[in-house]
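All of the numbers you see were taken from the coordinates with simple rules; none came from a lab. In this text, all values refer to a predicted model and were calculated from it rather than measured experimentally. Note: ideal-geometry Cβ built from the backbone for every residue, glycine included; neighbour counts use all protein chains shown.
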2 protein chains.
Amino acid sequence: MDKKIQIGLLGIGTVGSGVLETLINKDCGVEIKKIADKDTEKIKRYPELSPDIFTTDAKELINDPEINIMVELIGGINPALGFIKAAIKNKKHIVTANKELIAKHGKELFTLAEENNVVILYEAAVCGGIPIIMPLRQSLAGNKISQIAGILNGTTNYILTKMEHEGSEFEDVLKEAQALGYAEADPTGDVKGHDAAYKTAILASLAFNKTVDINSVYVEGIDGISPIDIGYANELGYKVKLIGLIRNGDKDILDVRVHPMLVSKDHPISAIDDVLNAVEIEAEPVSRVMFSGPGAGKFPTASSVLGDIMAIAREISFTDYPLPMMRYDKQRKDADIKHIKDTINKYYIRVTTNNMPGVIGDLGIICGKNGINLCSIVQKGLLSDGNARIILLTEFAKEENILKAVDEIAQRQTTREVNNLIRVMD
Amino acid sequence: MDKKIQIGLLGIGTVGSGVLETLINKDCGVEIKKIADKDTEKIKRYPELSPDIFTTDAKELINDPEINIMVELIGGINPALGFIKAAIKNKKHIVTANKELIAKHGKELFTLAEENNVVILYEAAVCGGIPIIMPLRQSLAGNKISQIAGILNGTTNYILTKMEHEGSEFEDVLKEAQALGYAEADPTGDVKGHDAAYKTAILASLAFNKTVDINSVYVEGIDGISPIDIGYANELGYKVKLIGLIRNGDKDILDVRVHPMLVSKDHPISAIDDVLNAVEIEAEPVSRVMFSGPGAGKFPTASSVLGDIMAIAREISFTDYPLPMMRYDKQRKDADIKHIKDTINKYYIRVTTNNMPGVIGDLGIICGKNGINLCSIVQKGLLSDGNARIILLTEFAKEENILKAVDEIAQRQTTREVNNLIRVMD
């Protein structure tokens with residue numbers, strides 16, 4: 001490379017400053033031409049850089065013909081979407097960590113990029129520092145994927161791990177996580193599963209070369225998980241994790257969803273604790289591979305952004321036609337997504353009932369009537385109010401049938417409450 | 001791609017047949033032009049293929065101008081080395097799973113490839129189906145690596161796991177593994193650590209962009225590990241694993257070696273059991289990422305070979321200058337490798353001594369005299385012959401000093417034997 005590739009940096013918040021600080025300290029074969037951020041105060045943190053390269057006006061970067069690669073680290077939809085579209089039209093390659101944008105507007109952006117002969121790389125959008133997008137496109141490209149299961153959100157994994165270790169309630173651990181900076185002031189996007197859903201949709205689109213509509217992805221958060229469930233899960237040989245799950249079903253209908261699961265302790269993903277993330281891929285011919293590491297954070301995310309920048313930089317130093325393997329397939333179709341009620345799962349059901357003879361038998365009969373085989377029933381002693389707590393673990397059953405059975409159980413006079421229903425992964 | 005890229009396949013043994021069977025069943029955008037194997041019997045396994053594409057003469061492939069990519073799955077040095085060199089001179093890109101060849105002749109081959117404007121990809125040479133070469137070159141390219149620790153050999157990991165679970169002796173488990181096909185009739189390359197050393201040298205060369213001479217890599221196998229060591233390790237919170245270790249030291253001197261280690265159960269790599277492999281990378285800015293999965297086997301290895309074939313195929317369909325990021329850096333220097341006696345480690349030492357007052361104190365004094373701090377001393381009851389077994393766990397110390405201390409301990413009249421010395425990773 002004779003001339004350094006020039007990059008424009010949109011946003012120097014957490015990830016942007018990680019990228020900037022790493023680039024300042026390292027020769028990556030690229031040069032930061034300009035940085036835009038609406039907050040002029042942030043500029044003062046980098047006295048070693050010429051103040052000329054800072055601007056509050058993103059248009060200066062978008063319209064700079066010398067910038068080859070635009071790095072978008074603003075996050076969210078607006079104004080990031082408009083900036084990226086304008087940059088693509090000006091023939092700039094895009095590197096972004098913006099999972100919401102790729103999940104919601106990927107099709108539009110990839111198509112636009114293809115029309116303008118540029119690429120959009122987004123390794124940092126899924127699992128921060130863990131390489132997963134590139135390996136899926138490249139080393140694993142010869143595989144037929146049957147399942148992807150991931151712990152894709154660090155905040156919820158931290159909360160679940162804490163609840164497990166300390167037996168604490170969700171709300172208490174959430175407050176603690178907020179105080180420590182592991183959860184945001186408004187934690188909705190994390191704890192309700194939306195963040196994990198963006199990443200799951202992105203992985204599904206990539207793994208199956210289909211556009212997955214984010215609105216068709218079933219999402220359930222961890223706010224309904226109690227330490228009681230985590231305790232029983234532990235006794236039964238499971239841990240509770242928020243799982244992004246992608247399965248290739250019959251007739252090419254994809255099963256794509258995010259919800260808590262009891263994950264068998266024999267499954268390698270169950271060992272991923274605290275803020276760590278992991279993605280396990282089942283495919284032929286590789287069988288199973290797992291990638292784990294930091295799924296978020298200033299520097300880990302910067303690692304993936306830098307990898308993408310360098311990949312484009314090295315290619316466009318030599319050729320005008322960068323990264324064939326990273327290009328968007330214009331033939332990509334929209335995915336058919338299975339409705340959650342049509343999915344097949346094993347289930348954990350926690351029920352509180354009156355302590356009467358025959359209750360367990362009755363629950364078994366209701367399940368049997370709905371075509372559900374039970375693999376475990378646990379009742380240990382009585383609750384302090386004299387009621388009984390019963391845990392049912394089912395074999396594989398259709399969600400529709402499970403919901404019918406749960407409904408029947410809930411309507412029984414002896415049932416105090418159906419406390420929880422959690423899907424199970426062995 | 002209008003015209004399919006043509007490949008030549010050298011060798012249809014275990015991995016070659018995995019590649020062939022996957023390609024037959026899948027459209028990977030490439031076409032097998034010719035297959036060479038000296039065993040004509042193997043041809044009969046593929047009645048669906050035209051017999052014309054088989055030959056016993058590799059030269060037919062090497063001299064076929066239509067073949068773009070030569071896939072070498074013969075293994076070993078001869079005749080693979082000669083075939084690959086001839087193919088490179090005929091401007092063919094190379095995909096290989098041959099770790100011994102890359103470890104011993106990488107520099108020569110990469111230089112020749114660079115002169116002929118072709119690339120050599122070898123994802124399958126390290127950890128079979130686990131993507132590790134491409135992620136290091138690409139997604140993690142912006143990182144400064146400080147350490148790589150890997151379980152790089154499935155046979156030894158299977159043996160150690162069995163020894164742990166069953167308390168069996170090395171020799172017994174080895175025989176069982178041979179009967180099951182998990183170990184070869186001549187298991188030397190695996191159990192003595194040479195196979196892991198090839199992979200470690202390849203990873204070190206790539207991670208630090210330096211040529212690592214395989215002869216300078218310290219290698220110790222698992223044949224000296226006893227179930228007694230594994231038992232004590234377990235009590236102290238460790239598992240025994242054969243580790244390929246790469247550390248970036250002062251003055252750019254690399255520490256590259258393969259030997260058994262006590263690995264803390266808190267370290268994620270300790271959870272990798274049976275025939276699985278894993279590589280953990282510590283680097284800035286990413287912190288730590290781990291890749292795990294099947295490190296060998298017909299189909300997992302085929303997955304990596306296919307990924308490499310497809311990567312080259314897609315690139316050369318569009319451009320004559322393939323994969324800038326996969327090219328060899330002609331500026332690559334030879335690595336300086338630290339001698340094992342200069343390395344710094346924590347150690348586990350198992351000693352059998354006469355059961356006399358003051359023995360433990362004396363061992364402590366010898367260690368202290370050699371600048372070694374102890375962090376644990378364990379003695380539990382007496383052996384059936386009346387002797388005492390003492391386990392020492394040290395803090396970080398220079399190997400040279402440890403060897404002096406062990407020598408002094410061995411020479412004491414009260415010492416029956418220094419049974420083992422194993423390095424420790426927390």
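Apply the Kirkwood formula to the range B:134-294: the hydrodynamic radius equals the inverse of the mean of 1/r over all pairs of different alpha-carbon atoms; give it in Å with one decimal.
By the Kirkwood definition, the hydrodynamic radius is 16.1 Å.
Using the Kirkwood radius over Cα pairs, work out the Stokes-Einstein diffusion coefficient for the range A:16-57 at 4 °C and 1.567 mPa s, in µm²/s as a whole number.
Taking Rh from Cα pairs, D becomes 119 µm²/s.
Relative to the longest principal axis of chain A, what angle (0 to 90°, nearest 10) does the C-alpha long axis of helix A:194-208 take?
Computed tilt is about 70 degrees.
Which value in Å is the Kirkwood Rh of the range A:10-122 over different Cα pairs?
So the Kirkwood estimate lands at 14.3 Å.
List the distances, in nm and shortest first, from the label point of A:ASN116 to the matching label points in every other copy, placing each point 7 Å from Cα along the Cα-to-Cβ direction.
Label point to label point, same position, other copies: 4.1 nm.
Can you run phi through the Karplus equation (6.51, -1.76, 1.60; θ = phi - 60°) for the range A:347-359 and list ³J(HN,Hα) in whole Hz, with x for Gly and Pro?
So the Karplus estimates, Gly and Pro as x, are 9, 10, 10, 10, 10, 9, 10, 4, 8, 10, x, x, 4 Hz.
Taking 7 Å along the Cα-to-C-beta vector as the label spot, tell me the A:THR40-B:PHE396 distance in nanometres, rounded to one decimal.
4.7
For B:VAL378, what charge total do you get from the other residues with a beta carbon under 14 Å from its beta carbon, if Lys and Arg give +1 and Asp and Glu give -1?
Once all neighbours under 14 Å are counted, the net charge is +1.
Over all distinct alpha-carbon pairs, what is the Kirkwood Rh of the range A:340-425 in angstrom?
12.8 Å is the Kirkwood radius here.
Tell me which of B:ILE202, A:LEU152, B:GLY249 sits at the most positive position along the dipole axis of the protein assembly as shown, charges placed on C-beta atoms (Lys, Arg +1; Asp, Glu -1).
B:ILE202
Between helix B:298-318 and chain B, what is the angle of the helix's C-alpha long axis to the longest principal axis, kept within 0 to 90° and rounded to the nearest 10?
Compared with the principal axis, the helix lies near 50 degrees.
Within 10 Å of each candidate Cβ there may be at most 16 other Cβ atoms; applying that plus a DSSP loop requirement, which GluC sites (Glu not before Pro) in the range A:19-57 survive?
A:GLU48
Between B:PRO260, B:PRO47, B:PRO227, find the one with the highest GNM mean-square fluctuation for chain B; connect C-alpha pairs within less than 10 Å.
Per the Cα network of chain B with a 10 Å cutoff, B:PRO47 tops the list.
Using each residue's phi in the range A:182-191, evaluate 6.51 cos²θ - 1.76 cosθ + 1.60 at θ = phi - 60° and report the 3J(HN,Hα) Karplus result to the nearest Hz, with x for Gly and Pro.
Taking θ as phi minus 60°, the curve returns 7, 10, 7, 4, 9, x, 3, x, 7, 6 Hz for the range A:182-191.
Would you mind getting me the FRET efficiency between A:SER226 and A:LYS341? Use the beta-carbon distance for r and R0 = 35 Å, nearest 0.05.
FRET efficiency, A:SER226 to A:LYS341: 0.90.
Which residue fluctuates the most in chain B, going by a Gaussian network model with Cα springs under 10 Å, if the choices are B:THR414, B:THR319, B:THR161?
Residue with maximal mean-square fluctuation among B:THR414, B:THR319, B:THR161: B:THR319.
Given H placed on each backbone N at 1.01 Å, which residues far from B:SER146 in sequence or on other chains put an amide H within less than 5 Å of it?
B:GLU282, B:ALA283, B:GLU284
Enumerate the amide H contacts of A:LYS338 below 5 Å, restricted to partners 5 or more residues apart or on another chain; note that Pro and chain-start residues carry no placed amide H.
Those lying under 5 Å, H to H, from A:LYS338 are A:LEU254, A:ASP255, A:VAL256.
Report the calculated FRET efficiency for B:GLN331 and A:ASN116 (r = Cβ-Cβ distance, R0 = 51 Å), to the nearest 0.05.
Once the sixth-power term is evaluated, E becomes 0.90.
Could you pull the copy-to-copy label distances for A:SER376, with points set 7 Å along Cα to Cβ, in nm to one decimal and sorted shortest first?
3.0
In degrees from 0 to 90, rounded to the nearest 10, what is the angle of the helix A:154-166 Cα long axis to the longest principal axis of chain A?
Helix A:154-166 sits roughly 40 degrees off the main axis of chain A.
Within a Cβ distance under 15 Å of B:ILE62, other residues only, what is the Lys/Arg minus Asp/Glu net charge?
In short, +2.
Roughly speaking, what % of Cα-Cα pairs in the range B:199-344 are separated by over 26 Å, rounded to a whole number? Don't skip to the end; give the middle numbers.
Values: 4216 of 10585 pairs.
In whole percent, the long-distance tail amounts to 40.
What length, rounded to one decimal in nm, is gained on full extension from A:GLU66 through to A:HIS165, with 0.36 nm per residue of separation minus their alpha-carbon distance?
Length gained between A:GLU66 and A:HIS165: 30.3 nm.
Expressed as cubic angstrom per residue, what is the convex hull volume of the alpha carbon set of chain A? Please report the intermediate quantities before stating the final value.
On the way: hull volume 61.3 nm³, N = 426.
Hull volume over Cα atoms, normalised by residue count, gives 144 Å³.
If you take each beta carbon of peptide B:310-317 and count the beta carbons of other chains within 10 angstrom, what is the mean?
Whole-number average of other-chain Cβ neighbours for B:310-317 is 4.
Which of rounded, prolate or oblate describes the protein assembly as shown when judged by the alpha-carbon gyration tensor and an a/c cut-off of 1.5? Mind showing how you got there, number by number?
Numbers: a/c = 1.33, a/b = 1.00, b/c = 1.33.
Rounded shape, in that the Cα axes give a/c under 1.5.
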